[in-house]
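Asks: Provided herewith is a single structure, encoded as structure tokens, for subsequent inquiry.
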Amino acid sequence: MPRTSARLLRGAAVAVTVATLSAPVAAAPVRAFPASAPAALSTDTPGPAPSAGAVRDLTPAVARRLDAAVGRVMREANIPGVTVGIWTPGQPSYVRSFGVADKSTGQRMAPDLYMRIGSETKTFTVTALLQLVDRKKVGLDDPIGTYIDGVPNGDRITLRQLAGMRSGLFNYSEDPGFDKALTSDPQRPFTPRQLLAYSFRHPVLFQSGRKFSYCNTNLILLGLVVEKESGQHLGDYIRQHVLAPAGMQHTLFPAGGEFPAPHAQGYTRQTANGREADAADWNPSWGWAAGAMISTLRDLRTWAPTVARGRFPDGTRMVSTATQQQRLTTPPAGATKGAGYGLGIFDVQGWIGHNGSLPGYETVAVYLPSTRTTLVALLNTDTGYRSQEPSTVLVEAITKIISPAHVYNLPVTHTG
């Protein structure tokens, strides 16, 4: 196969060492794409000064270094378009768009475009679950078999293990039959039960709780739990109980292939023939609770600190303090020093949040509590570069400049 099926909806693929993962992602050929002239720096309303040290002031000189770093990564990794936002209280903000949103028309990338956010969806699904935990509707240590029938080892795999990527279940997006079904007709719809069927035809990889293994199957199950115990469709629950209180008016959980305008086109080689295609109109229902959502730079700026703190922007609790503490308990995710994964959220060298990757799009939305810095990056390609996701290469270059003591890295380790 000229493509790597396991890359579908990768998200936080941090140093996974389970031997059933796919071969390394092939690097894209280098091709320069012109970067647009960056917009002028904007300035946040001054707020309380952040704690000392970790993030450099975004002076014009630092902004120029960032411009150069983003441009270099785009050329080397063949990234058509990028939007980056960096915000720290009391400092100028950095909001830039580079390159193109549509290679066929030359439309420039812009900060207000809608983007598919892939596995960032997991943070919303797990938030919904944790709210139900606070309402005593479910328990994190309940076995999934209490709620969903037919799950392999369902009497032993807990909701906590599902949210923490330690279930041992097979990842449906690595199943060859799923891969063929999706790439032969990327606009076809999938139901959650169809996705689970691709997983459940495989034996479990290990006994639950013993290892970390990033797995989209886990989130499909948690989405079904939310629906069953809330009595609402997952998208409706998230809109009412998460997005509306957060004031995120430009984030949505699509029912099918709908994609609000204006949006960027998304470029991928995760196709049946390995050739690049525009995935903007692909139906993301195959990602559902693990990766179907859409958002914008502005909304993700709101979301990164909201999910990291467990509080809505108005200060009210999104989940209880005790539940948030459990969410942010991030045991090591594989062998990568400084990288851990909690309940639908990671800590990478101090940056709290998640990334997202599905055909044509990549997202990183993270928050550094020590300085209250929010960093969001949006890309309109998922084609790998030097066996890494392009978003990782980009954000690593950015954080080497703004937070050298907290350099974001998510090395992807495949062993089979």
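Bear in mind these aren't lab numbers, they're just calculated from the coordinates by the rules spelled out. For clarity, every value in this text was computed on a predicted model and none was experimentally measured. Positions of Cβ are backbone-derived with ideal geometry, glycine not excepted, and every protein chain shown enters the neighbour counts.
Asks: If you wrap a convex hull around the Cα atoms of region 199-354, how much volume per residue is inside, in Å³?
Replies: Value for region 199-354: 166 Å³ per residue.
Asks: What full-extension length gain, to one decimal in nm, is calculated for residue 142 and residue 276 as 0.36 nm per residue of separation minus the Cα-Cα distance?
Replies: 43.9 nm
Asks: What ranking do 253, 124, 312, 190 get, fewest neighbouring Cβ atoms within 10 angstrom at the top?
Replies: By the 10 Å Cβ count, ascending, the order reads 312, 190, 253, 124.
Asks: Separate question: In the chain, if every C-alpha pair distance is counted and binned at 20 Å from zero, what percent goes to each bin?
Replies: All Cα pairs, binned at 20 Å, distribute as 30, 61, 9 percent.
Asks: Can you tally the net charge around residue 400? Count Lys and Arg as +1, Asp and Glu as -1, for every other residue whose Cβ sits under 11 Å from the Cβ of residue 400.
Replies: Net of charged neighbours comes to +1.
Asks: Another question about this same structure. Quick one: which residues, 5+ away or cross-chain, put their amide H under 5 Å from the amide H of residue 342? H built at 1.01 Å from N.
Replies: Answer set, sorted by chain and number: 347.
Asks: Taking the dipole about the Cα centre of the chain, with the C-beta of Lys and Arg at +1 and of Asp and Glu at -1, give me whichever of 264, 397, 345 is farthest to the positive side.
Replies: About the Cα centre, the residue reaching furthest to the positive side is 397.
Asks: So how far apart, in nm, are the two label points at residue 240 and residue 193 if each is 7 Å from Cα heading toward Cβ?
Replies: Computed distance between label sites residue 240 and residue 193 equals 2.3 nm.
Asks: Mean residue ellipticity at 222 nm from the helices of the chain, using -39,500 (n - 2.57) per DSSP H segment of n ≥ 4 over the full residue count, to the nearest 500 deg cm²/dmol?
Replies: -8000 deg cm²/dmol
Asks: Of 337/400; 137/337; 180/211; 180/337; 122/211, which sit over 25 Å apart, Cα to Cα?
Replies: 137/337; 180/211; 180/337
Asks: Once you keep just the Cα pairs under 8 angstrom separated by 6 or more residues, what percentage relative contact order results for the chain?
Replies: 28
Asks: Percent of Cα-Cα pairs per 5 Å bin, from 0 to the last occupied bin, for region 288-363, please list those.
Replies: 3, 14, 22, 22, 22, 13, 4, 0
Asks: Quote the charge dipole size of region 5-402 about the Cα centre in Debye, to the nearest 20; the model charges only the Cβ of Lys and Arg (+1) and of Asp and Glu (-1).
Replies: Its charge dipole is roughly 720 debye.
Asks: Now a separate question. Tally Lys and Arg at +1 and Asp and Glu at -1 over the other residues with C-beta under 12 Å from the C-beta of residue 306: what net charge comes out?
Replies: Net charge in that neighbourhood comes out at +2.
Asks: What residues qualify as long-range amide H neighbours of residue 352, i.e. H under 5 Å apart, gap of 5 or more or another chain, H built at 1.01 Å from N?
Replies: Result for residue 352 returns 367, 368.
Asks: Could I ask something else about it? If neighbour count is taken as other Cβ atoms inside 10 Å, put 74, 318 in order from fewest to most.
Replies: Ordered by Cβ neighbours within 10 Å, fewest first: 318, 74.
Asks: Report Rg/Rh for region 331-416, rounded to two decimals, where Rg is the Cα radius of gyration and Rh the Kirkwood radius.
Replies: Reported Rg/Rh (Cα atoms, Kirkwood Rh): 0.94.
Asks: Can you sort 141, 382, 278 by how many other beta carbons sit within 10 Å, fewest first?
Replies: Going from least to most buried by this count: 141, 278, 382.
Asks: So what is the diffusion coefficient of region 217-305 in µm² per second by Stokes-Einstein at 37 °C and 0.692 mPa s, using a Kirkwood Rh over Cα pairs?
Replies: Taking Rh from Cα pairs, D becomes 226 µm²/s.
Asks: Local charge sum around residue 112 (other residues, Cβ-Cβ under 15 Å, Lys/Arg +1, Asp/Glu -1)?
Replies: Summing Lys/Arg as +1 and Asp/Glu as -1 gives +2.
Asks: Here's something else I'd like to know. Could you give me the ³J(HN,Hα) list for region 110-127, computed from phi with Karplus coefficients 6.51, -1.76, 1.60 and θ = phi - 60°, whole Hz, x at Gly and Pro?
Replies: So the Karplus estimates, Gly and Pro as x, are 8, x, 9, 7, 6, 9, 6, 10, x, 5, 4, 3, 4, 5, 6, 4, 5, 4 Hz.
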